[in-house]
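Values quoted throughout were computed directly from the atomic coordinates according to the rules given, and no laboratory measurement underlies them. Remember, predicted model here, so these are calculated numbers, not experimental data. Virtual Cβ from ideal backbone geometry, glycine too; neighbours counted across all protein chains shown.
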Amino acid sequence: MTGAVRVLPLTDALRPGWDAFVLAHPDGTFFHRAGWQSVIGQSFGHPTCYLYAERAGVITGVLPLVHVKSWLFGSSLISTAFCVYGGPLSSDAESGRALRDAAVVEMERRRADRVEFRPRTGSGSDWVRIADRYATFRRTLDPDPEKNLLAIPRKQRAVVRKAINSGLTVERDTEVRRLHQVYGESVRNLGSPVFPRRYFSALLDEFDGCAEILTVLDRGEPVAAVLSFFYRDEVLPYYGGGTRSARSSGANDLMYWEVMRRASGRGCRNFDFGRSKVGTGAFDFKKNWGFTPEPLVYEFKVRSGCAVPDASPANPKLKFYIDTWKRLPLSVTNFIGPRLIQGFGLGA
């Protein structure tokens, strides 16, 4: 293909073409989909900058960007905020360079502190790279559920089997009330604010047919819940959590097993357990399920005089807020949390 590469903002008319490019690209992910632009804009009010490269009228690259201004982490252009993966996708090197250059121009124009890309693997660029904070966990699924169960290490498999036979029940939800209730308590216990309920509702609406909520009940009371996404041949249990009682009853384990079992039954052949910070309980939980951590290499272009933020729980500045948040009543954190979380953007 010949002709000059142009970088342009995404329009509504080009959304199907954008998504088709993402679907066909080997590094395309669910979080590159155009629908995230409206979900994030509606739910948090953040400005977005979804750019595509084209040559002779044909899309040759895409780059979703979200501008997050945070009192904790400063001003960032993130690809993609509130998502674990992102960064530019391109069909040729020239288009990739054009998208990166356009992101830097946007950083300067908006006077953002930095651009942050979240590729699943490093691109080899000369940007600042951080590869020791997060890992993702992925594994192939077998069509036979029993083989998937046997792939879980023996000790963890025993917990799953016990939960299966414990009398806990699993239901599929079509609205977000119980998910938000359980998730709010779960993240409070971890020291993090909860997302607004409208965010989960927007995800269900935008990705209708590609999103599913499962809720685990103990004697009729919701104790664990997860919102999963389906993309290509993989399932991504993305927003999940449980109450304090869920740990002793094995409800969290039953929840993820049900996601795995049902996804295998509908033809999914990959299970993406998502990212976790190195050294956290979530990181260890996923390893105990037999998943091998794959380091995520996040890339930054930092404006002169600015720095890459440290969003590690070990950061003394953050540790104070985390410890304080854990001690607050749930009614308080559920009221304040949605007003705070929009400035986080799940920073580096």
Could you give the nm distance between label points at D173 and R232, where each point is 7 Å from its Cα heading toward the beta carbon?
3.0
With Rg from the Cα atoms and Rh as the Kirkwood inverse mean 1/r over Cα pairs, the stretch 1-64 has an Rg/Rh of 0.99
Full-extension gain in nm, R339 to T280, via 0.36 nm per residue minus C-alpha separation:
18.7 nm
Restricting to Cα pairs below 8 Å that are 6+ residues apart, what does the relative contact order work out to for the stretch 57-159? Please round to a whole percent.
23
Which number comes out as Rg/Rh for the chain once both Rg and the Kirkwood Rh are worked out on C-alpha atoms?
0.96
If r is the Cβ-Cβ distance from L150 to I322 and R0 is 45 Å, what FRET efficiency results, to the nearest 0.05?
0.75
Which one, G74, A24, W127, is farthest towards the positive end of the dipole of the chain when Lys and Arg carry +1 and Asp and Glu -1 on their Cβ?
G74
Sparsely packed chymotrypsin sites (Phe, Trp or Tyr not before Pro) within the stretch 58-124, loop by DSSP, other Cβ within 10 Å at most 11
W71
Which of the peptides 211-221, 155-165, 248-258 is most tightly packed, and how do the rest follow, judged by the mean count of other Cβ atoms within 10 Å per residue?
248-258, 211-221, 155-165
Would you mind telling me which residue in C268, C49, C306 has the biggest mean-square fluctuation in a Gaussian network model of the chain, where springs connect alpha carbons within a distance under 10 angstrom?
C306
Where the only charges are on Cβ atoms (+1 Lys, Arg; -1 Asp, Glu), what is the dipole of the stretch 136-294 about its Cα centre, to the nearest 20 debye?
620
Selection of trypsin sites (Lys or Arg not before Pro), the stretch 25-112, meeting DSSP coil and at most 16 other Cβ within 10 Å:
R111
How big is the stretch 156-262 along each principal axis, measuring the range of its Cα positions in Å and listing the largest first?
37, 33, 23
Would you look at the GNM of the chain, springs on alpha carbons closer than 10 Å, and say which of Y52, Y239, Y183 moves the most?
Y239
Given a Förster distance of 35 angstrom, what is the FRET efficiency for D12 paired with R129, based on the Cβ-Cβ distance and rounded to 0.05?
0.50
What whole-number volume per residue, in cubic angstrom, does the convex hull of the C-alpha atoms of the stretch 153-219 give?
130
Can you give the FRET efficiency to the nearest 0.05 for V104 and S75, using r as the Cβ-Cβ distance and R₀ = 22 Å?
0.95
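Quote the charge dipole size of the chain about the Cα centre in Debye, to the nearest 20; the model charges only the Cβ of Lys and Arg (+1) and of Asp and Glu (-1).
I would put it at about 1020 debye.
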Grab the Cα-Cα distance for A56 and R266, subtract it from 0.36 nm times how many residues apart they are, and report the gain in nm with one decimal.
71.7 nm
